[in-house]
């Protein structure tokens, strides 16, 4: 059973992406990073759609959405830092030519 089953009732697409990332952690790190980023994208889109206090930035790509000041303030520094890690790992692993076990630098 997934750690994300609790999302099923209200956010089935979010649960599906999160559970997929979770299921791939040991067997396919690159795939897990991709689905973790996909989960982040879905969650951020939902937040912007459902929280009137968040202002849409000048562009609608993930980086602009994450860096928008009202979004950053709503998340707080600890959670916001984690969104950056997920975003960066997701893109780096999708375009990496090295094996996932090698250094990301």
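The values are calculated or read from the model by the stated rules, or taken from the named source; none is laboratory data. Since this is a predicted model, take the numbers as computed values, not measurements. Note that we place each Cβ from the backbone using ideal geometry, even for glycine, and neighbour counts take in every protein chain shown.
Among the numbered conditions (1) part of a loop (DSSP other than H, G, I, E, B); (2) modelled with pLDDT of 95 or more; (3) over 25 Å from residue 74 (Cβ atoms), tell me where residue 53 comes up short.
So the condition that residue 53 fails would be (3).
Taking residue 3 and the conditions (1) surrounded by 15 or more Cβ atoms within 10 Å (Cβ to Cβ); (2) outside any helix (DSSP H, G or I), which numbered condition does it fall short on, given that it satisfies the others?
Here residue 3 clears every test but (1).
Scanning region 18-31 for residues that are part of a helix (DSSP H, G or I) and free of Cβ contacts under 8 Å to residues at least 40 places away in the same chain, which turns out nearest to residue 68 (Cα to Cα)?
18
Report the residue count in region 60-74 for those that are more than 14 Å from residue 42 (Cβ to Cβ) and part of a helix (DSSP H, G or I).
Selection size over region 60-74: 9.
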